[in-house]
Structure formats: C-alpha cells, structure tokens
Amino acid sequence: MYAIFSVEKGDIGKADEILKDNIVSRQSIVIRDASALGIDSEDRYILIEGNEDAIKRAEELFKDTGKMSEKEATNEELHKEAEKKVSEEDVSNEELSKEVGKNVSGEEGVAEEKIEESAEELEKAEKLFKEVGKKVSEEEAAKIYEKIKKEEENAAEGVGFIFG
C-alpha cells in the first residue's frame, strides 16, 4: 500500500517533521521534486509505502498538522480574538494605571510589548493552521508512482553497469 503527498515549497520543513513520526518513519519513504519527475510545479512529492495503519497515520499527520477542524476559528476570527485580547489587556493596564498613578509594571511600552507578543502568537497560529500537504488523487498518484519507480529502476541499472 502507498500514498503520495504533494507539499508546497514553503512547507517542506513541516513535512520533514511529519516524516520523523515514529510510525511513519519506519516505512519506505521517497521524496522527489516535481520538476525531477517532469512535472511543471515547484511542489515536492512524498511517496510513503508501507502498512495500512502507517499510511493512515501519515494521512492524519499531513491533514491534522496544518488544518483546523470545522469547530475552530478561521484566521480572520483568530485576528479578531488576538486584537480583542490586546485591547482588553490595554484597558486593564490603563485602569490600573489610573488607580496606582503609574503604569502597572512601572515601565513604559508594556502595551506595545503585549501587542508584539500577540502578533507573534497569531503568526504562529496561522502557520499551524495551514495544511502542510495534500494527498494526491489515486489517478495522479499512480502516474507519479510509476515515474518514481522508473527513475529508481534506471538508477539501479546504472549502478549495475558501473559495478557490474
């Protein structure tokens, strides 16, 4: 059994992390750039051959690592939530400052630091919720699989010729 995943250039690092999974890493894994297979794309294809449970695990990881469930917020909602959190913190800080007569922490720029921290958290969340890779359709996977196997066959013949 096998599955082929298409991964965009910017998500290759995330895909590499998925391939380190204890179950997935024990399978036969072949990675090829689409261009090396004669496909006009900057994507990278990952072929995972192994038992059914391992393939299902890989499918889950590629899907779940980057994709939000329907119950979770969209990126736009995350933006609004982060902005709301920052403004609530600003209001709380401002109210306390009036009572005490100075900034709660005794320092200037606390609100700006909170905004920067929230922006960084938001950026991390957006990266996490982007799907890392997608499973290629069976029809397309069969074509890519044949190209990869032919490439491996040609390489094996070349090694046999050299060391023959």
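Readers should treat all values here as calculations from the given coordinates under stated rules, not as data from a laboratory. Bear in mind the structure is a predicted one, so any value in this text is a computation, not a measurement. Cβ: placed from backbone, ideal geometry, glycine included. Neighbour counts: every protein chain shown.
With a cut-off of 17 Å, note down the residues of region 1-36 whose backbone N falls inside the zone around a label point 7 Å from the Cα of residue 53 toward its beta carbon. Hits in region 1-36 for residue 53 at 17 Å: 1-2, 21-28.
Using a cut-off of 23 Å between Cα atoms, the listed pairs 14/56; 20/143; 9/63; 14/143; 14/147 include 20/143; 14/143; 14/147 as exceeding that distance.
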